[in-house]
Each structure stands twice: as structure tokens, then as C-alpha cells.
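Trainee: For reference, the structure I am asking about is given below.
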Amino acid sequence: MLCRYLTHPQIIVDPALDVPRWHLSDVGKARVAALAGGEALRGTTRIISSGETKALETAQPLAEALGLAVEVRPAMHENDRSATGFLPPTEFEQVADRFFAAPEDSVRGWERAADAQARILAEVTTCLAQPCDGDVLFVGHGGVGTLLWCALAGKPISRAHDQGPGGGGNVFTFTWTPRAVLSAWQPMERLSA
């Protein structure tokens, strides 16, 4: 069984909405549609998604293309940043840097990175405890995805392992038994190459 963790692609940043309710942009939707129209996920038999709008808008077209239902796991949400809500991009990047650099601390009231990592790893563990006859696709977010990557790779929490700039839409591949990361983050389009 091959597992993949895919982050939602580009979004519409809307300060008037709670961040978990943000939607994919036209660019993000087009990237998802291209992936759904290809053969890259053909062996996927389960799609498991965060309950945030942008993740569901990524997972649903992929599931429909494969004739699958989306399994929604609300605890797969992005790190809880509700204490600050929307932050302008420069300020957000500074706080995110501190979030990864001090994983045992709550930065400006955000969920601690150590807690977010434990949460996403527990969700993946629970999901993969169920037998599966094919590949599994997890659809979520860059922050907790990076924390998951670090846990699976046996690396300390560090933003050095983040998906990088570009607005999301990246994927990494791993196996569960044995537990191993098979790839670094790569753009979702590379799955089709």
C-alpha cells in the first residue's frame, strides 16, 4: 500500500471568512481538475480529508473521478490559528517561522506544533489501522502535512521540511509498514509525469 499526503492548492484569501472556510481559487480548482482527469491516482482506493472547505474542495473532485467517497476526518485540520485569525502574509510567515522553531510553545495563542503533530499522526494511525486493498490519499494542509512528514521521517520539527512557497498543491509519498517517507514534497503535477 502506497500512501500520499496532498495539500490543497491555491486559495482565495478572504479576511472576512474564518480561515477553515476559505475556498480554492480558480487556479487551485484547475490544478485539482487536471489531477482528477489523469491516471496518477488510479490505484487509490481511499481518500481521507480534513473537514476544512479548501481540503474538501480538493478531495471531492479526485474522489468523484475515482468513484470513491471522501472520508472526512475533522481532526486532520490545519494547526489551530484561531487565536489570531487572519494575519497579513508577512506577519503570518513570521509567526509560522516561530511556530516551527519553538514546537513546545504556543506562539501568539496558536496550537503548539508538538500538539498538532501528535494530532495528525494519531489521525493517520487510526485511518491506516483499517485494512486497505489499494493506495491511500490523505488531503490536508501544509503546516500539519510538514509536521507529519517530520514524524514519519524521524526528523525534528523544522520548517526546513515545509512544502515551500507557491500556494500549496504539493504531495509526498510514504509507506506505513514499514514506516518510511519515500519522497520530499513535490508539486501535484509531478504525479502525472
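Trainee: Which of PRO9, ALA153, ILE120 sits farthest toward the positive end of the charge dipole of the range 3-191, with +1 on the Cβ of Lys and Arg and -1 on the Cβ of Asp and Glu?
Mentor: Looking along the dipole axis, the top candidate is ALA153.
Trainee: Once you have the Cα-Cα distance between ASP105 and ALA118, take 0.36 nm times their residue separation minus that, and quote the gain in nm to one decimal.
Mentor: Numbers: separation 13, 0.36 × 13 = 4.68 nm, distance 1.42 nm.
Length gained between ASP105 and ALA118: 3.3 nm.
Trainee: Would you tally the net charge around GLY168, using a Cβ to Cβ cut-off of less than 13 Å, leaving GLY168 out, and scoring K and R as +1, D and E as -1? Please report the intermediate quantities before stating the final value.
Mentor: Details: positive: LYS29, ARG31, LYS54; negative: GLU52, GLU57, GLU78, ASP162, GLU189.
Once all neighbours under 13 Å are counted, the net charge is -2.
Trainee: Further question: Counting DSSP beta bridges in the chain, what percent are antiparallel, to the nearest 5?
Mentor: Just about 40 percent of them are antiparallel.
Trainee: Next question, about the same structure. Given a Förster distance of 22 angstrom, what is the FRET efficiency for ALA69 paired with THR126, based on the Cβ-Cβ distance and rounded to 0.05?
Mentor: About 0.80, to the nearest 0.05.
Trainee: Within 14 Å, Cβ to Cβ, of ARG42, how many net charges do the neighbouring residues add up to if Lys/Arg are +1 and Asp/Glu are -1?
Mentor: Values: positive: ARG4, ARG46; negative: GLU39, ASP133, ASP135.
Local net charge: -1.
Trainee: Tell me the mean residue ellipticity at 222 nm calculated for the chain from its helices only (DSSP H runs of n ≥ 4, each -39500 (n - 2.57), averaged over every residue, nearest 500). Before the final figure, lay out the partial values.
Mentor: Numbers: 5 runs with 66 residues, N = 193.
Helix-only estimate at 222 nm: -11000 deg cm²/dmol.
Trainee: Sticking with this one: Please list, ordered by chain and number, the residues whose modelled amide H lies under 5 Å from the amide H of ILE11; skip anything fewer than 5 residues away on the same chain.
Mentor: Placed amide hydrogens put SER25 under 5 Å from ILE11.
Trainee: Now, a different point. Considering the values (1) 9.9; (2) 15.8; (3) 11.9, which represents mean projected area of the Cα convex hull in nm² as calculated for the structure under consideration?
Mentor: The value computed from this structure is option (1).
Trainee: Across the range 156-172, in residue order, what do the Karplus-derived ³J(HN,Hα) couplings come to in whole Hz, using 6.51 cos²θ - 1.76 cosθ + 1.60 with θ = phi - 60° and x for Gly and Pro?
Mentor: In residue order, the calculated couplings are x, 4, 7, 6, 4, 9, 5, 5, x, x, x, x, x, x, 10, 9, 10 Hz.
Values in this text are rule-based calculations from the coordinates and carry no lab data. Here the structure is a predicted model, which is why all the values come from computation and not from measurement. Counting neighbours? That spans all protein chains shown, and the Cβs are built from the backbone with ideal geometry, glycine included.
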